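Derivation of every value follows stated rules applied to the coordinates shown; laboratory data play no part. Being a predicted model, the structure only gives us computed values, none of them experimental. Using ideal geometry, Cβ is built from the backbone for each residue, glycine included, and neighbour counts are taken over all protein chains shown.
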C-alpha cells in the first residue's frame, strides 16, 4: 500500500497508464508474440501475464490488480467457439458481464476493464487494442487505489500515533512516581 | 484458589446480536462464569473505561470484541483492550469482516450524514443541525467521537489474534473458542476458529447438488416457493455456500433459506464476493452476450449480495470515487 506501486511516470515525466493484461496461451498470447516478431510498434503500457485460458482469470486477479495500482485490466481470449478447452472463454464472458457491473457499483469506470477475443493470427489486433485502451485510460486519468487506501487510512494512523504518544507519556509518569 | 482468568466483552458498530449470542450460551454461561471472571461487559455489567485503564497491561486473558469500527471512540477502545489483553478476538462478522455496517463503504461520510440528518423522509430538522465532534453548550464544551470516513474490520485498526465468525457466531463455536482459550489449545495466530471448508460440505442438501449447475435464471428467495430438500443452487437461487466457510451447521439452508455468506471465505480465498461471482457466472447456461446479461439481471445488486458481510475486507474495500458520488443522493 505505498505510493511507489502507483503508475510510474513516463520518460517525459507525464503520468502514463499501467495496464495488467491477462492473455490466454493459445490465442492472444501467441498473437502478442506475433506482434513482437512482426516488429509492430505499440504502447508499452501493458504488462502481459500468460494464463492457459481466459477461463482461468479468477475475478480476484482483476480486483487485486486494481487494488495494487493498475489503471486498467485487459483480458484476451480465443474467439467464441475456438477455445482450446471448448468452454473457457464463455466462462470468462459470463464473469466479465457481472464483474463490469460490480466494478461500476464500486466506482471503477467501465473502460478500465476490457475483454477482447484475439486469435493467434491477429497480431495487428493486439496492437490496436492496447493502443486504444492506453489512449482511453490516458483521457480517464489514474485510478490510484493504493494512494486512496493510504488516504483513507490516514485517519486511523493519526489516532494510533496519538495513543502511542500518550502511552509513552503515561509510562514515563509511572516510572517517575 | 488462584484468581480466575479475566475476560472482557466489548461492542463497537454492531446490532447487539453478538451480545445475544453470548447470552445464547444459556445455562452453559454459568459454567463460563465459574471458570472466568468477566472484568468488563458494558451491555450487561457496570464497569467503566477507567476500570479497564486501571488494569495492568495483558491482565485480561482475552477480549471478545464484536462490531465494526466506525468512530474514533471505537478505535480508542480497540487500542485500549488490545493493550490489556493477551488475546484479542474479533467476535462475529462485523469485527471479522466489517459486517453489514461496512456496506456503508459504498457511500461517503458526507452522503451518509446528509441523508440521516437531513433527507430521511421521517426526519424534521429544518435548521439542518448535525452532531459535531466539539460544541459549546451553556458555557461547557461538549465533545463527541469522530465519525470516520470508512467502516473497518477490527484487524484494520489493531492486531487481532483470532476470529470467531458468524452473524452471530453460534453458541457451539463460542463455547469451543472459550474452551480452546482456557486449555491453551489454540491454532496458529490469525486463524478463524471454525472449520476451513466450504459450507456445502456440511449442507444437508449436499447430495442433491448437481455436478453441473446450470442457471437459466436467478430467482429471488422471497418470490419463490423453495423445495426444502433440493440444493438451492439447483433451484436457481443465489446461495453463498460454495464461497463461504462452514461451521454454522448450515442453519440457513436447514431453515429453507439460502446462505448469505456471514462466515466469510475459507483461508484459501482472499475475496469472497469475487469468488462467488466467479462460480455463479461460470455456470450460467447462456453463451451469447444478450442471453448472459438477461440471466445475470436476476442479481440486481452484486455488491450487496456478494459482500453483504465483508465489504470492508474485500480487495476494493470501498467505492473508489466517493468524492464524485457525493453529489448524488444516498438513497
### Query
How do B:65-77, B:33-45, B:213-225 rank on mean C-beta neighbours within 10 Å, highest first?
B:65-77, B:33-45, B:213-225
### Message
What's the ranking of B:274-281, A:40-47, B:95-102 by average number of surrounding C-beta atoms within 10 Å, highest first?
### Response
B:95-102, B:274-281, A:40-47
### Message
How would A:126, B:293, A:62, B:23 line up from fewest to most surrounding beta-carbon atoms within 10 angstrom?
### Response
B:23, B:293, A:62, A:126
### Query
What average number of partner chain Cβ atoms lie no more than 10 Å from the Cβ of the residues making up B:271-283?
6
### Task
Sort B:135, B:14, B:314 so the one with the fewest other Cβ atoms within 10 Å of its own Cβ comes first.
B:135, B:314, B:14
### Summary
Partner shielding of A:57-69, taken as the mean number of other chain Cβ atoms within 10 Å, equals 5
### Query
By average Cβ neighbour count within 10 Å, what is the ranking of B:261-268, A:158-165 from highest down?
B:261-268, A:158-165
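Of the beta bridges DSSP finds with both residues in chain A, what % are antiparallel, to the nearest 5?
Percentage antiparallel, nearest 5: 5.
Enter the mean number of other protein chain beta carbons within 10 Å of the beta carbon of each residue in A:153-160, as an integer.
Mean inter-chain Cβ contacts per residue within 10 Å come to 5.
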### Task
Please work out the C-alpha center-to-center distance from the stretch A:99-168 to the stretch B:175-205 and express it in whole Å.
35 Å
### Message
For the stretch B:58-83 and the stretch B:282-302, what is the centre-to-centre distance using only Cα atoms, to the nearest Å?
### Response
43 Å
### Translational diffusion of the protein assembly as shown, µm² s⁻¹ [Kirkwood Rh, Cα pairs; Stokes-Einstein; 25 °C; 0.890 mPa s]
97 µm²/s
#### Entry: Convex hull of the stretch B:109-148 built on C-alpha atoms - directionally averaged projected area, nm²
3.4 nm²
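Restricting to chain B, compute how many DSSP beta bridges are antiparallel as a %, nearest 5.
30 percent
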### Query
Rounded to a whole number of µm²/s, how large is the Stokes-Einstein D of the stretch B:211-255 at 20 °C and 1.002 mPa s, given Rh as the Kirkwood radius over C-alpha pairs?
186 µm²/s
### Query
Which value at 222 nm does the protein assembly as shown reach when only helices count, each DSSP H run of 4 or more adding -39,500 (n - 2.57), with the total divided by all residues and rounded to the nearest 500 deg cm²/dmol?
-10500 deg cm²/dmol
